[in-house]
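Novice: Submitted below is the structure of interest, expressed as structure tokens.
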Amino acid sequence: MPFGLLGKKLGHSYSPFLHECLSGGSYDYELFEKEENEVADFVQHGDYTGMNVTIPYKQTVIPFMARLTPEAQRIGAVNTVTRLPDGGLLGDNTDYFGFCYLLRRAGIEVSGKKVLVLGSGGASKTAVTVCRDQNAKEVVVISRGGENNYNNLHLHKDTAVIINATPVGMFPHNGVSPVDLAAFPQCEAVADMIYNPAVTELLRQAKARGCIAVNGLPMLCAQAFRASERFLNRSLDENLIEKTIAATEQKMRSIVLIGMPGCGKSTAAALLAEELGREKLDTDEEIEKKLGQSIPSVFAEKGEGYFRDAETEVCHEVGKRSGAVIATGGGAVVREENVIALKQNAVVVFLDRPLQALATQGRPLSQNGKLEELYRQRLPIYKAVCDFTVQTDDDPIITVKRILEVLK
């Protein structure tokens, strides 16, 4: 009998990948998509050896458990089910271990500090339980309709640690934050349980203010690690957690190529996507699809401002994608909002090509006689925005090899 994940909508789940990394393929892991009226029968009579449980069924399965671990009992939710020797079911909550691991890994200390937990659902209960166990001075839960809510956040401006346990800012609704961190001048750390996108708007604010900022991926991988130990009925090496985090980050992160017009971004993106087996996206191509005409004709008929607005819309759209290779237009990173959108889920590589080697045909801004001035203006921006710089070669295959080397 297989292991697997029980939930309602599981099409985008990373759990099979996580358990493949953690177990080395020593057990099969499937997705068990069930409607609410199917859950009771499946839990009691389903063909599985053990399973994880995700929303909205973490509480639904509790009545069918013969025993609960202390963590599951205190949190009031089950996310891991295994079979007892007598055939009964044991309900565990490995999210507790996962959140402890997240805090420890990020260096977030809650002992003696005021903690604000955004949201009052199951994820919130995990965070509250862990923070109280770790001797937080005060744990305040913010909900939409409770005593502490989003209309009286001013009462908690002395908060030191903020934990987002809501889905606000999660894909596909990127770019929004449950709170404005400017209201919390003493905040020193932010943990967002969301892991897609990697950098939510809340975490972007936290980084800009110099706070510790961590997303939910370490928690996701660590809870899967503890669940895998349950499934295998033996202890595993905790180094597997870090290996799984690294592998998942690599799988999820897009690769964004930036640089001057004519530096070879589109060609490199196509070759790189083919090499990695990833989706290839090109912001210029997406703009042409969106507007129904070529970029030179857009510039000629409607001007650069119109083009840049369309480019911003496209950057927001492609920036939400995971695991893609994205080629950008030469001026895409000039607008800060485009940079924020592109970097929320990606590593950015600047393809640096000598000015005299840049192609200019079909590129409106490169043909106006001011290419050198454009290069001087944009070079500092490219260098500031990128995570890595790669010197391009006349042979695009060599350029792609260089990109792969820096990404390792």
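The numbers here are math on the coordinates, done by the rules we state, and not lab data. Note that the coordinates shown come from a computational prediction; the quantities given were computed from them, not determined experimentally. We place every Cβ from the backbone using ideal geometry, glycine too, and count neighbours over all the protein chains shown.
Novice: Between Glu147 and Glu35, how many nm apart are label points set 7 Å from Cα along the C-beta direction?
Specialist: Going by the 7 Å Cα→Cβ label model, 4.1 nm.
Novice: Out of residues 5 or more away from Ser254 or on other chains, whose amide H comes under 5 Å of its own, with H placed 1.01 Å from N in the peptide plane?
Specialist: Gly323, Ala324, Ala346, Val347
Novice: Next up: Between Met1 and Ala247, what FRET efficiency follows from the Cβ-Cβ distance if R0 is 25 Å, with the result rounded to 0.05? Don't skip to the end; give the middle numbers.
Specialist: Values: r = 26 Å, r/R0 = 1.06.
Plugging the Cβ-Cβ distance into 1/(1 + (r/R0)^6) gives 0.40.
Novice: Can you give the Rg to Rh ratio of region 97-215, both from alpha-carbon atoms, with Rh computed by the Kirkwood formula? The partial results should precede the final answer.
Specialist: Numbers: Rg = 12.8 Å, Rh = 13.9 Å.
Rg divided by Rh gives 0.92.
Novice: Enter the angle in degrees (range 0 to 90, nearest 10) between the Cα long axis of helix 122-133 and the first principal axis of the Cα atoms of the chain, meaning the one along which they spread out most.
Specialist: 70
Novice: Which value in nm describes the separation of the simple spin-label points at Ala66 and Glu274, placed 7 Å from the Cα toward the beta carbon?
Specialist: Inter-label distance under the simple model: 5.7 nm.
Novice: Which whole-Hz ³J(HN,Hα) couplings does region 379-395 yield from phi under the Karplus relation 6.51 cos²θ - 1.76 cosθ + 1.60, θ = phi - 60°, glycine and proline marked x?
Specialist: 3J(HN,Hα) across region 379-395, in whole Hz: 3, x, 5, 4, 5, 6, 7, 6, 8, 9, 10, 10, 6, 7, 10, 4, 8.
Novice: Restricted to Cα positions, what overall size does region 241-315 have along the principal axes? Three whole-Å values, descending.
Specialist: Projected onto its principal axes, the Cα set of region 241-315 covers 54, 22, 21 Å.
Novice: How far is helix 217-232 tilted, in degrees, relative to the longest principal axis of the Cα atoms in the chain, given as a value from 0 to 90 rounded to the nearest 10?
Specialist: Helix 217-232 and the main axis of the chain meet at about 40 degrees.
Novice: Once fully extended, how much extra length lies between Asp86 and Glu337, figured as 0.36 nm per residue of separation less the alpha-carbon to alpha-carbon distance? Display every interim value, and only then the final one.
Specialist: On the way: separation 251, 0.36 × 251 = 90.36 nm, distance 5.80 nm.
Full extension of this stretch gives 84.6 nm more.
Novice: Would you compute, from DSSP H runs of 4+ residues alone, the mean residue ellipticity of the chain at 222 nm, taking -39500 (n - 2.57) per run and dividing by the full residue count, rounded to the nearest 500?
Specialist: Theoretical 222 nm ellipticity from helices: -13000 deg cm²/dmol.
Novice: On to the next question. At q = 0.13 Å⁻¹, work out log10 I(q)/I(0) for the chain with the Debye formula, treating every Cα as an identical point scatterer and leaving solvent out; two decimals please.
Specialist: Listed by q, the Debye log ratios stand at -1.11.
Novice: Another question, if that's okay. From the backbone phi of region 90-96, what are the Karplus-calculated ³J(HN,Hα) couplings (6.51 cos²θ - 1.76 cosθ + 1.60, θ = phi - 60°) in whole Hz, Gly and Pro given as x?
Specialist: Karplus-based 3J(HN,Hα) across region 90-96 equals 9, x, 10, 10, 7, 4, 4 Hz.
Novice: Counting only residues 5 or more places away or on other chains, whose amide H sits under 5 Å from the amide H of Ile194 once H atoms are built in the peptide plane?
Specialist: Gly216
Novice: Mean separation of Cα pairs under 8 Å and 6+ residues apart, divided by the residue count of region 97-215: what relative contact order is that in percent?
Specialist: Working: 234 pairs, mean separation 28.0, N = 119.
Computed over region 97-215, the figure is 24 percent.
Novice: What FRET efficiency would be calculated for the residue pair Asp387, Glu20, taking the C-beta separation as r and a Förster radius of 22 Å, to the nearest 0.05? Before the final figure, lay out the partial values.
Specialist: Details: r = 27 Å, r/R0 = 1.23.
So the FRET efficiency works out to roughly 0.20.
Novice: Another question, if that's okay. What's the angle, to the nearest 10 degrees (0 to 90), between helix 239-252's Cα axis and the longest principal axis of the chain?
Specialist: For helix 239-252, the angle is close to 40 degrees.
Novice: Non-local amide H neighbours of Gly169 (under 5 Å, H modeled in plane, Pro and chain starts lacking H): which ones?
Specialist: Val176
Novice: Let me ask something else. Please report, in cubic angstrom per residue, the volume enclosed by the convex hull of the alpha-carbon atoms of region 253-407.
Specialist: Numbers: hull volume 15.3 nm³, N = 155.
Roughly 99 Å³ of hull volume per residue.
Novice: Ok, one more. Filter the trypsin sites (Lys or Arg not before Pro) in region 61-153 to those in DSSP coil with at most 11 other Cβ atoms within 10 Å of their Cβ, and list the result.
Specialist: On the way: sites: Arg67, Arg74, Arg83, Arg104, Arg105, Lys113, Lys114, Lys125, Arg132, Lys137, Arg144; in loops: Lys113, Lys137, Arg144.
Here the sparse-neighbourhood loop sites are Arg144.
Novice: Which whole-Hz couplings ³J(HN,Hα) result when phi for each residue of region 339-344 is put into the Karplus expression 6.51 cos²θ - 1.76 cosθ + 1.60, θ = phi - 60°, listed in order with x for Gly and Pro?
Specialist: After applying 6.51 cos²θ - 1.76 cosθ + 1.60, I find 4, 4, 5, 6, 8, 5 Hz.
Novice: Follow-up. What is the distance in Å between the Cα centres of region 174-198 and region 278-318?
Specialist: 31
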